[in-house]
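*Asks:* My structure is below; once you've seen it, I'll send some questions.
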Amino acid sequence: MIGLGRFGCHLAESLTRMNHEVLAIDRNPAQVQRWSSQLDRVVQADSTEEGALRQLGIASFGRAVVAIGASVEASVLTVLALVELGTPQIWARATSQKHAKILSSVGAHHVIFPEAETGDRVAHLIVSRLLDFI
Ligand code: ATP
């Protein structure tokens, strides 16, 4: 899990609860400190540095999630580094359609839009509950 913002940390927690081994990476020491007692392995590193990811043994992981949202540059460079390392499944978070297009074109296998997908799901839920009352 790369990027321990609100989305990344919730996802890392859920995967850990589901008994998956999670290596969490963030460049911000405060985030690393904050999550180190709640997740199995939390390390500080800049994920845009391919060498740093290699040293962490990313090549042996089957899946990587790039949960960085706000910095398009950091998310794209991270996906590129993961592609270079031969990561079999790269999931990447996009914050716009253009961001999604770039992530796919540099090699992300799955692009996710947490805010938009949650918005859609909640809208359907609200409408279905409304229909229950009609
Ligand atoms: P969220 O909505 O999930 O809270 P955000 O959009 O507010 O995220 P982002 O800028 O996407 O915040 O950052 C999410 C996390 O990714 C932060 O904890 C940040 O430190 C981390 N991050 C950003 N760039 C890098 C990087 N190059 N290497 C490692 N971690 C990074």
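The numbers here are math on the coordinates, done by the rules we state, and not lab data. The shown structure was predicted, so the numbers you read here are calculated from the model rather than taken from an experiment. Here the Cβ is made from the backbone with ideal geometry for all residues, glycine too, and neighbour counts use every protein chain on show.
*Asks:* Note the full-extension length gain between GLU49 and ILE126 as 0.36 nm times their separation in residues minus their Cα-Cα distance, in nm to one decimal.
*Replies:* Length gained between GLU49 and ILE126: 23.4 nm.
*Asks:* Please turn the phi angles of segment 105-116 into ³J(HN,Hα) values with the Karplus equation 6.51 cos²θ - 1.76 cosθ + 1.60 (θ = phi - 60°), one per residue in order, whole Hz, x for glycine and proline.
*Replies:* Per residue, the Karplus-derived 3J(HN,Hα) values read 6, 8, x, 5, 7, 9, 10, 10, 10, x, 5, 5 Hz.
*Asks:* Which residues' amide hydrogens lie under 5 Å from the amide hydrogen of ILE68, considering only partners 5 or more residues apart or on another chain, with H built in the peptide plane?
*Replies:* Distant-sequence amide H within range of ILE68: ARG93.
*Asks:* If you don't mind, there's one more thing I want to ask. Tilt of helix 6-17 relative to the longest C-alpha principal axis of the chain, in degrees (0 to 90, nearest 10)?
*Replies:* 80
*Asks:* Report, in debye and to the nearest 20, how large the dipole of segment 6-78 comes out about its Cα centre when Lys and Arg carry +1 and Asp and Glu carry -1 on their Cβ. Mind showing how you got there, number by number?
*Replies:* Working: 7 positive and 8 negative charges, 41 e Å.
Dipole about the Cα centre, nearest 20: 200 debye.
*Asks:* Among HIS10, ALA116, THR78, whose Cα sits farthest toward the positive end of the charge dipole of the chain (+1 at Cβ of Lys/Arg, -1 at Cβ of Asp/Glu, about the Cα centre)?
*Replies:* ALA116
*Asks:* Can you tell me the dipole magnitude for segment 76-134 around its Cα centre, using point charges on the Cβ only (Lys, Arg +1; Asp, Glu -1), in Debye to the nearest 20?
*Replies:* Using Cβ point charges on Lys, Arg, Asp and Glu, segment 76-134 gives about 100 debye.
*Asks:* Could you please rank LEU131, LEU15, placing first whichever residue has the fewest other Cβ atoms within 10 Å of its Cβ?
*Replies:* Least crowded to most crowded, the residues run LEU131, LEU15.
*Asks:* Per-residue counts of other Cβ atoms within 10 Å, averaged by peptide: what ranking do you get for 44-50, 90-96, highest first?
*Replies:* Highest mean packing first, the order is 90-96, 44-50.
*Asks:* What are the extents of the Cα atoms of the chain along their three principal axes, listed from largest to smallest and rounded to whole Å?
*Replies:* Its Cα atoms span 59, 36, 25 Å along the three principal axes.
*Asks:* Right, here's the next one. I want to check the label-to-label distance for ALA70 and GLN38. Put each point 7 Å from Cα in the C-beta direction and report it in nm to one decimal.
*Replies:* 1.8
*Asks:* Something else: Once you keep just the Cα pairs under 8 angstrom separated by 6 or more residues, what percentage relative contact order results for the chain?
*Replies:* 18
*Asks:* Order the peptides 2-11, 108-117, 58-67 from the highest to the lowest mean number of other Cβ atoms within 10 Å of their residues.
*Replies:* Most protected by this proxy first, the peptides run 2-11, 58-67, 108-117.
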